[in-house]
Amino acid sequence: MSPEAKLRLLAKLTNYNPDFGRRPCQTFSEIMGYRNRMVHARTETLTFVEGQVYDPTTGPTEPETGWEQATTLETAERFYKDSLELVRQLHEAAGLPEYLLQFGVSGWSEWSGSPVSDGE
């Protein structure tokens, strides 16, 4: 069963109505697509852009694959925030007590900061 099918089944069991055209459910599909590109890697043919100006300090610009373009701090933060929101919405739809979401130092119910450590 695909992850989206599992989410749909869980949604049905909890009377949750996911809208896969809007966040956070839309992001769930993006996360699964990103995951699949990473786990089931395939050879990609990339084309260099004509007319590049060579900069000796940085070298030529190389084309990026789709997963390289998607690998940004902003994308990671959106994936993280929307995942937490999806869990919160499913939790609420299931009628579970809020304290079950309270684990870890910062907890699931409130997110502040970045999922990526800045070395501090």
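Structure values in brief
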quantity	calculated
Subset of the stretch 15-38 (residues that are of a type in the set (D, E, K, R) and outside any helix (DSSP H, G or I))	19, 22, 23
Filtered residue count, the stretch 78-103, keeping only those that are part of a helix (DSSP H, G or I) and without any contact (Cβ under 8 Å) to a residue 24 or more places away in the chain	8
Residue identified as farther than 30 Å from residue 95 by Cα and out of contact with any Cys (no Cβ under 8 Å at 6 or more places or on another chain) among 30, 50	50
From the options 47, 43, 75, 61, residue that is assigned to a loop (DSSP other than H, G, I, E, B), surrounded by 12 or more Cβ atoms within 10 Å (Cβ to Cβ) and either among the small types (Gly, Ala, Ser) or out of contact with any helix residue (DSSP H, G or I) (no Cβ under 6 Å at 6 or more places or on another chain) (or both)	61
Residue within the stretch 20-28 that is touching an Asp or Glu at 6+ places or on another chain (Cβ under 6 Å), surrounded by 10 or more Cβ atoms within 10 Å (Cβ to Cβ) and among the polar types (S, T, N, Q) present	yes
Test result for residue 87, among the β-branched types (Val, Ile, Thr), under 17 Å from the mean Cα position of the chain (by Cα), at pLDDT below 80 and closer than 25 Å to residue 30 by Cα	no
Of the criteria (1) at pLDDT 90 or above; (2) surrounded by fewer than 13 Cβ atoms within 10 Å (Cβ to Cβ); (3) aliphatic (A, V, I, L, M), which one residue 93 fails	(2)
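The values are calculated or read from the model by the stated rules, or taken from the named source; none is laboratory data. Model, not experiment: these values are computed from the prediction. All Cβ positions, even for glycine, are placed from backbone atoms using ideal geometry, and neighbour counts span all protein chains on display.
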